[in-house]
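Nothing in this text is a laboratory measurement; each read-out follows from the coordinates by a stated rule. If you're wondering where the values come from, they're calculated on a predicted model, not measured in any experiment. Every residue, glycine among them, receives a Cβ derived from its backbone with ideal geometry; neighbour counts consider all protein chains shown.
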Amino acid sequence: MHLNVILAQTMLGLSAGVFYAMLSLGLAIIFGLLNVINFAHGALYMLGAFVALIGYSYIGPWLGYDDFHLGFWWALIVAPVVVGCFGMLIERFMLRRLYQFDHIYGLLLTFGIALILQGLMSRYFNVSGTAYGGQPDSLSGIVNLGFMYFPTYRLFAIVVSIIVCVVTWFVIERTSLGAVLRAGVENPRLVEAFGINVPRLITLTFGFGVGLAALAGVLAAPIYSVSPLMGANLIITVFAVVVIGGMGSIGGAIVTGLALGLVQGLTQALYPPASETVIFFIMVIVLLIRPAGLFGKDTAS
Amino acid sequence: MPELLRIRDLNAWYGESHVLHGVDMAVNEGEVVTLLGRNGAGRTTTLKSILGLVDKRRGSIQLDGSEVINRPTHRIARQGLLGYCPEERGIFSRLNVDENLNLPPRLSRHGMPVEEIYAMFPNLAERRRSLGTQLSGGEQQMLAMARILRTGARLLLLDEITEGLAPVIVKTLGETIQQIKQRGLTIVLVEQNFHFAAPLADRHYIMEHGRVAEVVEAADVEAKEAHIKRLLSV
């Protein structure tokens, strides 16, 4: 096989992998501090894409200003903030009541929230998808990478996602703010006994993880069509990524997300029929050999 | 000396199990008091109850005159200027020595500067970049003490700080407590080791079955030594 074909598939794999990375990163951050597997993550990713879509195509006419469009650059900021605040309300008024019970209740609640969000959006929007028209002109067209012509927007999405992942990793692993978060993951009661408002830390952390999902949703909007089920389809793969990487490792979530995107892209080139299942195949192998995941600590008790 | 901590009729529960049955004690500013007693007498639970780290508590806990029994843990710590050193030391394994030291927020302006702390604990200074789990037991204990000295805490709650440590380290800890006391800090010390506690404390609370069974002033320790040892023996 020609090297250029492999490089081309690597780029395509990467452009899926960055979405896996951003979503599994948010899931890992949330799981670390809340011990909740956020099943609503896919729905909140979808909501992020819809904030961009509604902001661009619908909100103007709804408010009676037909010419108003919330641009893509604004959506990159507004959607994570709006969805992040929505997430913080969910945490503050629903999830928080469940911490005293088994983790399974948090999972059930978030699963229910995901179903409600998908159902509500399906009521008002086309399930087979709506095109997002807000992609800026500066990002349209293609660039020559030397070995292939690649859509400018996809390259932009890859670069932005990787920057966001690296900055998030750096803040958590290398700064004093991140030290509070790492300590909170390990022993929240003691962190609170030092005078740190841990309940507020948990709310903000959930909001941040959910905001990452919304940001991924906005970045996805110009690539995929915006549909109420876009998150439900993606999240199944993302959960496989999380299982492979192991819960709770920040760097592990990013690396696994990118790597599995690449694996998927290369499988597409080498043996296309397996490209949809290869991640689940890897998941089975990893679970047999390392049940805690590639980067997970074995805490079987 | 003003009264810093006053506990009245404190009851505490872990889940369904009722652990404290009406504890009463008082600590004045600048004092060192100990909670002595056998395992399971309720000493650690008394410390945890002050911080709200039990499942349920009733009675009264006053810090510097204001009632805190219904407050959340982080507000109690800030309002009472508390420094807590838990029994398991609570060194965070994913944080290095510097990060562990700088984790607790400053509570007042009277905290020790980091350089002064490293001068007090030279072993830690050499290991600033080591992760918490790479430290020896003695170093972890030093770090757990150093960490709360930095915050400017006024009332230190120290739980079994000598447990499982070599005699030479226990001796160093004793000297550290003396230095802290001279700085005017107030200390509540949960201790198993009476010989460690006796020369340091102004007063001993001997606990039994979730209550204070006896209060012994430092001046009476010699006269009552046989009696105290009988209460503490297993």
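Of note:
- In plain terms, the chain from A:V166 to A:V81 could stretch by 28.6 nm, reckoned as 0.36 nm per residue minus the Cα-Cα distance.
- Using R0 = 30 Å, the C-beta based FRET efficiency linking B:S60 and A:M94 works out to 0.30.
- Coil-residue chymotrypsin sites (Phe, Trp or Tyr not before Pro) of segment B:155-219, DSSP, other Cβ within 10 Å capped at 10: none
- Cβ-based exposure ranking for B:D159, B:D220, in which fewest neighbours within 10 Å come first: B:D220, B:D159
- In nm, spacing of pseudo-spin labels at B:E222 and A:A131 (7 Å Cα→C-beta vector): 9.7
- Within the protein assembly as shown, percent of DSSP bridges classed antiparallel, to nearest 5: 60
- Take every pair of alpha-carbon atoms less than 8 Å apart whose residues are at least six positions apart; their mean separation over the length of chain A yields a relative contact order of 37 percent.
- Which of A:I116, B:A219, B:L185, positive extreme of dipole for the protein assembly as shown (C-beta unit charges): A:I116
- Most positive-pole-ward Cα, B:N123, B:T176, B:L232, against dipole of chain B from beta carbon charges: B:N123
- For A:Y149 and A:W74, a Förster radius of 22 Å and the Cβ-Cβ distance give a FRET efficiency of 0.15, rounded to the nearest 0.05.
- The GluC sites (Glu not before Pro) of segment B:9-54 that DSSP puts in a loop, and whose beta carbon has at most 12 other beta carbons within 10 Å, are B:E16.
- For segment A:61-184: rounded, prolate or oblate by the Cα gyration tensor [a/c cutoff 1.5]: oblate
- As a proxy for reagent exposure, ranking B:M120, A:M247 by other Cβ atoms within 10 Å from fewest up yields B:M120, A:M247.
- Highest-fluctuation residue, A:L212, A:L270, A:L262 considered, GNM on chain A with Cα pairs under 10 Å: A:L270
- In nm, spacing of pseudo-spin labels at A:N233 and B:H110 (7 Å Cα→C-beta vector): 6.5
- Mean Cα-pair separation over length for chain B, i.e. relative contact order, pairs under 8 Å, 6 or more apart, %: 28
- Per-residue Cβ neighbour counts within 10 Å put A:T256, A:T130, B:T34 in the sequence A:T130, B:T34, A:T256, beginning with the fewest.
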